[in-house]
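First up is the structure itself, then whatever we jot down about it.
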Amino acid sequence: MRRKLLLLLETGLVLAGLLSAASAWKIHSALEQPLNITQEELLEVPKGTTPTRTFYRLEADGVIKDAFWLRVYWRFNLSATPIHSGEYRMLPGMTVDGLIDLWKRGEVVQYSVTLVEGWNFHQVRAALAKDDKLKQTLTGLSDTQVMDKLGHTGIFPEGRFFPDTYSFVRGMTDAELLKKAYERLDEVLAKEWDKRAADAPYTEPYQALIMASLVEKETGVPQERGQIAGVFVRRMAMGMMLQTDPTVIYGLGDRYNGKLTRAHLKEATPYNTYMISGLPPTPIAMVGREAIHAALNPVAGNSLYFVARGDGSHVFSDDLDAHNSAVREFQLKRRADYRSSPAPANAPVTPEAETPIPAASPDTAPEAVPQVPAQEPPPAPAPESTPAPESVPPMPAQEPAPEPDAPAPTPTPQSPQ
């Protein structure tokens, strides 16, 4: 009896060994099999999907075989390893083991979307809405509802997002990406605030953010940002109005058709810096780190005026006579290749395709709008009060968003008078 039991035990062990060897061979074969594809394909792994479901889906699609043995392998070897959602790139010749290695590393396909400096919030939303790789969750919501969804109820959205190129995986929501941009702006603004000049004329970062948006819209030449900020800061310190066209344009919203008229400059809006003193109540666009730094570290000097040369740069003047002279030289006799922004690198110098925007400022085509005299400094400095950051007016209508396939618009610099 004892010998029979030993024989049965030995037979069981042999069978178990054979079964184990067979299982190991089946698992090895399943792992080493090449994917049955002839060209690159993307495997989408939605959130919450398990490796088992993915194996059986691939088997049903004819991409692999032996999903059962792959399931066994994952259960006994990788049960604690999560599979990251997203898309994985499957290439001809890749084995299942190679695909699993991508899963283990979380090597998902990355996409990107660029939010451009100088865009307003309407343009930001338009860019996100046309990206079919993002999961759209904000469609049909008002700007106020969008901010509620982001967890920032009561915050005016303009200028609150950082312009940058953001990477994401398929399935990420538009709201999640906006949260990243919001947090990034807060981070950059806080760091730059800590490095501000000792005499920076702001009581809180939001005021600097407003100023940075004016700087962002006024010049496309990086080295001029600090000078532009310096002009604006000196004007405020002397009680002069900023008289900057981009704020007027922003206040007009959808009514702006590319032509700024004398009547527009006399129209009372919260953003018309020809009518109000100090800064407008909110930013007028997204700003980059350089514009924020310039606003917080304005270049010292005596200039109170600037006028476009026609190549994207500006001439800065200390007094009204010098400014009027620059207007006569660069505006009344515009060069044939006049540009309101710098030409792209290595691009041939050619006249701008668009007609210069008529505006009642030194950047204005004189035949479009009668020249408005530049504002002379008041006889004595006056203290300047900046609107409280939380006294936010109703959301103004925005500039039209770019067409789906159109390139991002380049800010058109305008000059204060």
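General observations
- Some residue of the range 117-135 being at pLDDT 95 or above, surrounded by 15 or more Cβ atoms within 10 Å (Cβ to Cβ), touching a strand residue (DSSP E or B) at 6+ places or on another chain (Cβ under 6 Å) and among the hydrophobic types (A, V, I, L, M, F, W, C): no
- Applying the criterion of at least 2 residues that are modelled with pLDDT under 85 to the helices (runs of 4 or more DSSP H) found wholly in the range 1-115 leaves 2-32.
- For GLU218: the one exception among (1) modelled with pLDDT of 95 or more; (2) touching an Asp or Glu at 6+ places or on another chain (Cβ under 9 Å); (3) acidic (Asp, Glu): (1)
- Of the numbered criteria (1) in the same structural domain as PRO280 (by TED's automatic domain parsing); (2) surrounded by 16 or more Cβ atoms within 10 Å (Cβ to Cβ), the one GLN223 fails is (2).
- Checklist (1) surrounded by fewer than 20 Cβ atoms within 10 Å (Cβ to Cβ); (2) of a type outside the set (Val, Ile, Thr); (3) in contact with a strand residue (DSSP E or B) (Cβ under 7 Å, 6 or more places away or on another chain) applied to LEU177, failing item: (1)
- One residue from MET241, MET236 being in contact with a Phe, Trp or Tyr (Cβ under 7 Å, 6 or more places away or on another chain), surrounded by fewer than 23 Cβ atoms within 10 Å (Cβ to Cβ), farther than 24 Å from GLY310 by Cβ and of a type outside the set (Lys, Arg): MET241
- Flag for ASP311 being more than 23 Å from ILE210 (Cβ to Cβ) and out of contact with any Leu (no Cβ under 7 Å at 6 or more places or on another chain): yes
- Contacts under 8 angstrom Cβ, first residue in the range 116-144 being closer than 25 Å to ALA291 by Cα, partner assigned to a helix (DSSP H, G or I) and of a type in the set (Ser, Thr, Tyr), 6 or more apart: ASN120/TYR250
- Candidates are the residues of the range 70-88 that are aromatic (Phe, Trp, Tyr) and buried (at least 18 other Cβ atoms within 10 Å of the Cβ); the one that is nearest to ARG105 (Cα to Cα) is TYR88.
- Per the listing GLU192, GLU224, the residue uniquely farther than 26 Å from HIS122 by Cβ and not in a loop (DSSP other than H, G, I, E, B) is GLU224.
- Qualifying residue in the range 181-189 (condition: at pLDDT below 95 and surrounded by fewer than 19 Cβ atoms within 10 Å (Cβ to Cβ)): no
- Test set (1) buried (at least 18 other Cβ atoms within 10 Å of the Cβ); (2) over 12 Å from VAL45 (Cα atoms); (3) touching a strand residue (DSSP E or B) at 6+ places or on another chain (Cβ under 7 Å) - ALA67 fails condition number: (3)
- Counted residues, the range 123-148 - those being over 22 Å from TYR250 (Cα atoms), assigned to a helix (DSSP H, G or I) and polar (S, T, N, Q): 0
The values are calculated or read from the model by the stated rules, or taken from the named source; none is laboratory data. If you're wondering where the values come from, they're calculated on a predicted model, not measured in any experiment. Don't worry about glycine lacking a Cβ; one is built from the backbone with ideal geometry, like all the others, and counts go over all protein chains shown.
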